[in-house]
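Read-outs: derived from the displayed coordinates by stated rules, not from any lab. Computed from a prediction, not measured in an experiment: that's the story for all the values here. All Cβ positions, glycine included, derive from the backbone under ideal geometry; neighbour counts span all protein chains shown.
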Amino acid sequence: MTKHFTHIRQLNAEQGMHLVRRAKAMKDSRFTSSLLHGKTIMLIFEKASTRTRISFDIAVRQLGGGTIFMTPMESQLGRSEPLRDTARVLSRYADGMVVRTFGQQKLDELMAFGSIPVVNALTDQGHPCQVMSDMLTMYERTPNLASLTVAWVGDGNNMANSLVEAAMVFGFTLKLACPKGFGPDVELLAEAAASGANVFLMENPEEAVAGAHYVHTDVWASMGQEEEMRERVKVFSRYSVNEALMRKAAPGACFMHCLPAHRGEEVMEEVFEGQSSIVWDQAENRLHMQKAILEWVFTQE
Ligand code: CP
């Protein structure tokens, strides 16, 4: 059966912890293998990327495979060839697709019409590979993930949605501070509540950060929302992570950002470059988690 990785909540707690521990072991041993020898992974990116693209490219090479990078600009995708046709053609050549796109339904179409694994490298609805590697970054410091209180400050975007899913799988407490009307996906929040997950949505950043072990944020306008930025700056101005806000968190709390960051907007320079910031470990861990995800997808259980 073809295995895909599109959402964190497709994992049960055991699978989630397996991926985190496996990524940590791969990091510690500088793991390489021939698992993907003779295989080619398509990297299909409809949006810009530095970390996700490069870490997946290197991860595939370290597992013995090859990659082909594909964008709409340089392919027939940009000239309206249907995704369902592209999925069927690529499935005849390649062995997997790592896809960054807009709507989640595009991944659904690739999976429905293709016959090779699909990995979600970011959609408007979720960023599961990033949040799985963030779980590794938190695990390295606090292995008992269920004991954590995690704060999210800012837009209830794809990162926030994937953190909600992670709270459902890993059992930590998640407090999200988002402006009214900018919260995470409403149906997902309802699903989290029904599952008994400790996920709390509020508007006040101080309340969300109080006692948190990790404080996460992201840009105020995600890719594709740039024209809304002028309006968003007004809405989000009280959602900057600054030193005063970090002081409300638990002693020794860490600041996290998936990057790229806009200093002076969602995070102040003194926090981004300060003692509490672990953003470079966070970026590094993308590579190790991508390898664990690829291994999981390409290994039958
Ligand atoms: N965090 C993240 O996804 O970075 P890129 O957009 O550079 O891939």
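Structural remarks
- Total charge dipole magnitude, segment 45-88, about the Cα centre, Cβ charges on Lys, Arg, Asp, Glu only, Debye to nearest 20: 120 debye
- The calculated FRET efficiency for the pair S237 and R21, based on their C-beta separation and a Förster distance of 30 Å, comes to about 0.15.
- Working from the Cα coordinates of segment 1-125, the gyration tensor eigenvalues give, after taking √(5λ), semi-axes of 25, 17, 14 Å in decreasing order.
- Selection from L19, A121, T86 lying farthest towards where the dipole of segment 1-143 points positive, charges on Cβ: L19
- Couplings for segment 196-212, taken from phi via the Karplus curve 6.51 cos²θ - 1.76 cosθ + 1.60 with θ = phi - 60°, read x, 5, 8, 10, 10, 9, 8, 9, 8, x, 4, 5, 5, 7, 3, x, 6 Hz in order; Gly and Pro are left as x.
- Taking the Cα centre of segment 181-301 as origin and assigning +1 to Lys and Arg Cβ atoms and -1 to Asp and Glu Cβ atoms, the resulting dipole is close to 240 debye.
- Acute angle (nearest 10 degrees) that the helix 83-93 long axis makes with the longest principal axis of the chain, alpha-carbon atoms: 60 degrees
- 20 Å tail of the calculated P(r), segment 133-216, as % of Cα pairs: 24 percent
- Rg/Rh for segment 45-99 stands at 0.98; both radii use Cα atoms, and Rh follows the Kirkwood definition.
- Taking 0.36 nm per residue of separation and subtracting the Cα-Cα distance, full extension of the segment from E228 to D28 would add 67.8 nm.
- Between P205, P143, P82, the GNM of the chain built on Cα springs shorter than 10 angstrom shows P82 fluctuating the most.
- Over 29 Å between alpha carbons, listed pairs K248/K291; K24/K106; K234/K291; K3/K27: K248/K291; K24/K106; K234/K291
- Förster-model FRET efficiency, 51 Å R0, S147 and R79, C-beta, rounded to 0.05: 0.50
- Tail fraction, Cα-Cα pairs, segment 56-167, threshold 19 Å, whole percent: 55 percent
- Rounded if a/c under 1.5, otherwise prolate or oblate - segment 170-301, Cα gyration tensor axes: rounded
- For the chain: relative contact order, % (alpha-carbon pairs under 8 angstrom, 6 or more apart): 20 percent
- Using only Cα coordinates, the Kirkwood hydrodynamic radius of the chain works out to 19.6 Å.
- What you get for the chain, charging only the Cβ of Lys and Arg (+1) and of Asp and Glu (-1), is a dipole of about 760 debye around the Cα centre.
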